[in-house]
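See structure below.
The values are calculated or read from the model by the stated rules, or taken from the named source; none is laboratory data. It should be emphasised that the depicted structure is a prediction, and the values quoted were computed from it without experimental measurement. When we count neighbours, we look across all protein chains shown, and the Cβ atoms used for this are built from the backbone with ideal geometry, even at glycine.
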Amino acid sequence: MATQLRLVRKLLLHVPHRHHKNPISFASCLSLCTDSSTHQEREEQVRKLRILLQQQRTATAENLIKTLILSKTSPFSSPNDLFTLFSVSSPSLKPLFTNMLLSVLSSSKMPVEALQLYSSVRKDGGFPSLASLNLLLECLVTCNRFDKTLELFEDIVDSGFQPDKFTYGKAVQAAVKIGDLKRAREVVDLMKKRGMRPNVFIYNVLIGVLCKEKKMRDAEKLFDEMCKRNLVPTRVTYNMLIDGYCKAAELEKAFGLRQRMKIENVEANLVTFNSLLSGLCKAKRMEEAKKVCQEMEANGFVPDGFTYSILFDGFSRSGDGEGVIALYKEAIGKGARINSYTCSILLNALCKQGKIEKAEEILGKEMENGLVPNDVMFNTIVNGYCRRGDINRAIFTIEQMENRGVRPNCITFNSLIDKFCEIREIDKAEKWVKKMGEKGISPNLETHNTLINGYGRMGLFDRCFQILEEMEYHGMKPNVVSYGSLINCLCKDGKLLEAEIVLRDMEDRGVSPNTQIYNMLIDGTCSVGRIKDAFKFFDEMVESKIAPTLVTYNVLINGLCKKARVMEAEDLLNQIISTGLSPDVITYNSLISGHSSAGNTQECLALYENMKKLGIKPSLKTFHPLIRGCCKEGIVIVEKLFSEMLQLDLSPDLVVYNALIHCYVEHGDLQKALAFHCEMVEQRIHPDKMTYNSLILGHLREGKLSKVEDLVSDMKIKGLNPKADTYNILVKGYCELNNFGEAYIWYRKMFENGFLPSLFICNELTTGLKQEGRLKEAQIISSEMSIKGMDAHIINEDLPAVAKI
């Protein structure tokens, strides 16, 4: 700088101060001197690089290049600037320098500059070495420039250059990262076509993405292919497959691979054990999870925070709150540090089990140990109290949260708002929405969706539409949940036309309906017996390329069965299987119920046996139609079904007891029916009208009329006032006992309570009364039936003229 200033002073001394046409300023002189100095420095740095490369001092040359491209005071404006000057001054060393500069840029994670250099080289007709290109590919993948990785790979291939396995591997990895599995496979196919076998890395990349997508059969094929090519699977390979099997709930296969690891002497690590634990915990197999923990520790691995998080979640899923607490004590006893993530999982596990006070106690202890609480932890406790219904404690927790310097967020307030909507205190929900705004927190999409659902459940649909308008006014676009909540409430309220109008409106606004929305509409139309409309929505979703789910098919099957269209329902069962879905217990329950109502007992039993063969565990609702439908087949089959039900640890409910009592009454075994009645009462299952009707019928058939009177009185005491079905049984029962006088008394009670007997029973009663000479009573019945609009000609035709006067 001193030299430059001396030069500037010297120039200034020779510049006349007056009458000069082009006076030179001090700044201009300084700029000229600086440019000259920079040019000299650029030339000097290039000369140094040339000498280093000529002397083959590559490491020193690389360090100098790195300094020149990273330094803020570098004389070169860009790496491309350096490349251009070096290329002109040393053309013979240009290829070597190109590869070195590209490698340094790639290693320094400068993808933009590296691609610019690559472009310049290609324009000059050159091509970097494969080694430097591979470094560039690695840089692009590391910097998440996956599209650029694939573009570069295609340029390499199109240029006729022969990529190596590393090159192919990076292309496969990039394709996988952008979720383009098809393209990844195309790269592998190209590799094979060019006579190059994929290596372990490439197989691992493909297996990894298939496992993430739960395409375990495809992952298995690649694993088998890899082994057949004598490639040795690594621990990474095994860990990915084990994790995939666990996430796909194929635990036996996961543990089979763990055994194979032992045989192949591939050491497990913490990732292996955590994957196995995660699978077991999700399946609620906690005893086996404990054994895996023991094996893990026996292998010298100490459970980390993630391990404990998995176990806390497992105990929570299993409904074992005490297990969560015991594990926490064990972790503390072993000196384990509970980090924020693990603590959040622990608190969530306890709150799900209703142990919210314990969660608060543990949070307090951890804060004493230096844990800094965050919004997730407090939100978990707020949500726990809201689920319990203790809103005051939830509000108090929010106050504590603020006192601790943790700012509540949308999630905090949404828990309260959702609870107020659930208990139909919508005004309080709105009050808390206002409080959000006062605290500078804008209600989010979930807040508005919660309000829409709350108002919808109360049938206040005008307010729902108003909220949708408010959202759009404030620039918040309603999503599929917004419209779905409204459609669901409209369907449940029987407003199917309005629900379809909302569907069309959401489509017009660019919001595509999903499977759940179509399922709501299909369920709504099926529930009112509009099967044609249900299939209209079904066809519409298929045309829109929205795949029907098992729920979709189950709703349609149930709707068809209720309409006695069982054969069409059976066709849908075949469609379920052909689309790759598996029918479940709900599917079979609907079909069994449909065949039971149609009187197809053998079909019911065949379906029952088939579901057992498929490993589908029958539920209580499976036995409802089975026992009811098989009553006519005899008591033996009913008792067999009941025994199987008990073996499945299914406790009989009111429907089962009613079916059994009715069955035994029909088969003349009143004592057995009474025994089941006593049993259900002991189980604190309250008899209903159907129970009493069966018992009344049984006692009538055995002529135990005083018991019949007692049962009717007991019904009334329990608030089960007899209706038409009970009166019909009483009138018909007394008629069958030829006690037409008592039958007439029950008829009078029936009529006075606003119920009419069936025409058949009227005929039977009037015929009996006539035979006993009680023509007046017969005429009264005839007159009353005529007044009520029943065709009484059958009743009247045999009455003598005197009686008709």
If you take the residues in region 741-760 that are out of contact with any Lys or Arg (no Cβ under 7 Å at 6 or more places or on another chain) and aromatic (Phe, Trp, Tyr), which one is surrounded by the most Cβ atoms within 10 Å (Cβ to Cβ)? TYR747
Within region 646-657, is even one residue among the charged types (D, E, K, R), within 21 Å of CYS604 (Cβ to Cβ) and more than 45 Å from the chain's Cα centre (by Cα)? no
Residue pairs, Cβ under 6 Å, 6 or more apart or interchain, first in region 377-404 and modelled with pLDDT of 95 or more, second of a type in the set (Lys, Arg). List them. TYR385/ARG393; CYS386/LYS419
Does region 134-168 hold any residues that are over 24 Å from LEU101 (Cβ atoms) and crowded, with 21+ Cβ neighbours inside 10 Å, and which are they? TYR168
Only residues that are surrounded by 14 or more Cβ atoms within 10 Å (Cβ to Cβ), more than 18 Å from PHE306 (Cβ to Cβ) and in contact with a helix residue (DSSP H, G or I) (Cβ under 7 Å, 6 or more places away or on another chain): list them for region 333-373, please. LEU350, CYS351, LYS352, GLN353, LYS355, ILE356, LYS358, ALA359, GLU360, ILE362, LEU363, PRO373
Does LEU68 qualify as being touching a helix residue (DSSP H, G or I) at 6+ places or on another chain (Cβ under 8 Å) and under 26 Å from ALA184 (Cα atoms)? no
For helices (runs of 4 or more DSSP H) lying entirely in region 137-238, having 1 or more residues that are of a type in the set (S, T, N, Q) picks out 146-158, 165-177, 200-212
If you scan region 71-94, which residues turn out to be touching a helix residue (DSSP H, G or I) at 6+ places or on another chain (Cβ under 9 Å), within 24 Å of ASN134 (Cα to Cα) and free of Cβ contacts under 8 Å to residues at least 40 places away in the same chain? SER78, PRO79, ASP81, LEU82, PHE83, THR84, SER87, LYS94
How many residues does region 678-703 hold that are of a type outside the set (A, V, I, L, M, F, W, C), closer than 12 Å to VAL655 by Cα and surrounded by 20 or more Cβ atoms within 10 Å (Cβ to Cβ)? 2
Among (1) over 18 Å from GLN353 (Cβ atoms); (2) out of contact with any Asp or Glu (no Cβ under 9 Å at 6 or more places or on another chain); (3) surrounded by 13 or more Cβ atoms within 10 Å (Cβ to Cβ); (4) aliphatic (A, V, I, L, M), which single condition is MET401 missing? (2)
Condition test on ALA499, is it surrounded by 17 or more Cβ atoms within 10 Å (Cβ to Cβ) and either modelled with pLDDT under 95 or farther than 18 Å from LEU445 by Cα (or both)? yes
Tell me which residues, restricted to region 102-152, are touching a Leu at 6+ places or on another chain (Cβ under 6 Å) and assigned by TED's automatic domain parsing to the domain that holds LEU64. LEU102, SER103, SER106, PRO111, GLU113, ALA114, LEU117
Residue that is outside any helix (DSSP H, G or I) and either touching a Gly at 6+ places or on another chain (Cβ under 8 Å) or over 18 Å from LYS689 (Cβ atoms) (or both), where the choices are ASN721, ASN763, ASN738: ASN738
Number of the exception - ILE338 against (1) assigned to a helix (DSSP H, G or I); (2) touching an Asp or Glu at 6+ places or on another chain (Cβ under 6 Å): (1)
Conditions: (1) surrounded by 16 or more Cβ atoms within 10 Å (Cβ to Cβ); (2) of a type outside the set (S, T, N, Q); (3) part of a helix (DSSP H, G or I). ILE546 meets all but one. Number of the miss? (3)
Of (1) touching a helix residue (DSSP H, G or I) at 6+ places or on another chain (Cβ under 9 Å); (2) outside any helix (DSSP H, G or I), HIS677 satisfies all except one. Which? (2)
Per the filter on region 239-264, residues small (Gly, Ala, Ser), under 12 Å from MET216 (Cβ atoms) and in a helix (DSSP H, G or I) are GLY244, ALA254
So ARG229 clears everything in (1) in contact (Cβ under 8 Å) with a residue 12 or more places away in the chain; (2) touching a helix residue (DSSP H, G or I) at 6+ places or on another chain (Cβ under 8 Å) except one condition, right? Which one? (2)
I'd like the residue in region 697-718 that is outside any loop (DSSP other than H, G, I, E, B) and among the charged types (D, E, K, R) and, out of all such residues, is nearest to ARG748 (Cα to Cα). GLU709
Working only within region 502-517, note down all residues that are surrounded by fewer than 23 Cβ atoms within 10 Å (Cβ to Cβ) and not in a helix (DSSP H, G or I). ARG509, GLY510, VAL511, SER512, ASN514
Looking only at residues that are touching a residue at least 12 places away in the same chain (Cβ under 8 Å) and part of a loop (DSSP other than H, G, I, E, B) in region 560-590, which one is nearest to VAL542 (Cα to Cα)? THR579
Does MET367 satisfy the condition of being touching a Pro at 6+ places or on another chain (Cβ under 7 Å) and either over 18 Å from ARG407 (Cα atoms) or of a type outside the set (S, T, N, Q) (or both)? yes
Taking region 110-133 and keeping only residues that are in contact with a helix residue (DSSP H, G or I) (Cβ under 6 Å, 6 or more places away or on another chain), surrounded by fewer than 21 Cβ atoms within 10 Å (Cβ to Cβ) and in a loop (DSSP other than H, G, I, E, B), one is left with SER129
Looking for something basic (Lys, Arg) and closer than 23 Å to SER278 by Cβ - is there at least one such residue anywhere in region 363-373? no
